[in-house]
1. Scan the stretch 423-445 residue by residue and report those that are assigned to a loop (DSSP other than H, G, I, E, B) and either touching a strand residue (DSSP E or B) at 6+ places or on another chain (Cβ under 6 Å) or closer than 27 Å to residue 301 by Cβ (or both).
2. Return the residues of the stretch 23-39 that are at pLDDT 95 or above and farther than 14 Å from residue 49 by Cβ; say none if nothing qualifies.
3. For the stretch 212-260, enumerate the residues that are part of a loop (DSSP other than H, G, I, E, B), modelled with pLDDT of 70 or more and closer than 30 Å to residue 165 by Cβ.
4. What's the number of the only condition in (1) in a strand (DSSP E or B); (2) surrounded by fewer than 23 Cβ atoms within 10 Å (Cβ to Cβ) that residue 401 fails to meet?
5. What residue, among those in the stretch 141-164 that are in a loop (DSSP other than H, G, I, E, B) and closer than 26 Å to residue 59 by Cβ, is farthest from the chain's Cα centre (by Cα)?
6. Restricting attention to the stretch 421-447, and to residues there that are closer than 25 Å to residue 151 by Cα and modelled with pLDDT under 95, which single residue is surrounded by the fewest Cβ atoms within 10 Å (Cβ to Cβ)?
7. Kindly indicate whether residue 417 is touching a residue at least 40 places away in the same chain (Cβ under 8 Å), in a strand (DSSP E or B) and over 24 Å from residue 59 (Cβ atoms).
8. Only one of (1) assigned by TED's automatic domain parsing to the domain that holds residue 49; (2) modelled with pLDDT under 95; (3) crowded, with 20+ Cβ neighbours inside 10 Å fails for residue 209. Which number is that?
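The values are calculated or read from the model by the stated rules, or taken from the named source; none is laboratory data. Just so we're clear, the structure is a prediction, and the values are computed from it rather than from any experiment. All Cβ positions, glycine included, derive from the backbone under ideal geometry; neighbour counts span all protein chains shown.
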């Protein structure tokens, strides 16, 4: 009998690998430098193992694609907050990967009392990678008016200007202190868990696999902290936040691999950004332009943040702008300038074993297919549009958070993926059958008219300086 288990990459990988080594699994490739997401076990040769981004694992197990999984309690509870009747069973606390899910606010918020922080309009803005848990917290705290802004990450940089509170994970309170944030509530104590699909747990013999893991655990387990109401933690002090002038241009710069080419472009513009990239994780670097403030956030979040008016300019990617506009066609955000670096192709990918070479061949192959055609992608809206416009029949889009190559062929039939060279795709026994478009870094801004204003002149100056630098390269 085949048993399927989903293992995490990222923050839990090292300790999970160590635990499985103690359990004598004899994994051939499960480490931080792995290039393949399908390790095999010498002890359990019939065990089918896949490595996923941790956020994807509870969904995969709940859907029944995998019998077992290892992931953090935070992502389990995030799924259950929206789908409380999911076929998900928490089997065992693995007692590592510890941390706390905090509801927190900026140290410099003007009024931190026992009541949740509100804007002047009375609406509490909450930003988080955990939008379902954030909404549940707001409802249980009886917030009369609130808005939850889903993020891909870097929640710590949003308060106080772009959010009043954030639901954020941290290993310790000291980590919150390093972000200049104070906890309002301890929402959940986090550790790694082994989980199971309820139907698999009841119908399959999973005992040997589960026991091999649990037998190697330390005896003591931390208790999961119950979801809390707003506490008085950190509320004894008052802080004044320096309000940005209405003329200040708010610029968002990307984190991750786009930082080096971004700073190279800015240097050619004569724009100096201090501590970017930052060795200390600083997400509020200084800049040598008067009337300009900078934050470092995820490129995936930039189009929505610009559309909402939280930023005036942002260096994002054409792929993420297209993803946003496919979801919100009338969104007030647009490309101002092609920056011509970070060039990738957005492609349609299938298994090499599939006897098709293009989309037309795929259409013919799946014609009359009864089961849904599964399309996995981080670009869920681009993927939906592609499947719809190419008449892929009855299809289903599977949102992912990374490690997408692991999905085909068992858990998805197609990927919509970005690639620079195509080598990673080929290494995973996959092939490209279509190119949707080419993406480069771009400067984006709001479609609103700022002409004649002080801010508008500053925006125009930045755009012209970047344009001159880009054209100078060409």
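1. Once the filter is applied, which keeps residues that are assigned to a loop (DSSP other than H, G, I, E, B) and either touching a strand residue (DSSP E or B) at 6+ places or on another chain (Cβ under 6 Å) or closer than 27 Å to residue 301 by Cβ (or both), the stretch 423-445 yields only 440.
2. Hit for the stretch 23-39 is 24, nothing else.
3. Once the filter is applied, which keeps residues that are part of a loop (DSSP other than H, G, I, E, B), modelled with pLDDT of 70 or more and closer than 30 Å to residue 165 by Cβ, the stretch 212-260 yields 246, 247, 248, 255.
4. (1)
5. Quick first cut of the stretch 141-164, residues in a loop (DSSP other than H, G, I, E, B) only: 141-145, 151-154, 158-164.
So of that shortlist, the ones also closer than 26 Å to residue 59 by Cβ come out as 151-154, 158, 163.
Values: 151: 7, 152: 3, 153: 6, 154: 9, 158: 15, 163: 18 Å.
My answer is 163.
6. Only one residue tops the list, namely 447.
7. Details: touching a residue at least 40 places away in the same chain (Cβ under 8 Å): yes; in a strand (DSSP E or B): yes; over 24 Å from residue 59 (Cβ atoms): no.
So residue 417 fails the test.
8. Looking at each condition in turn, residue 209 falls short on (2).
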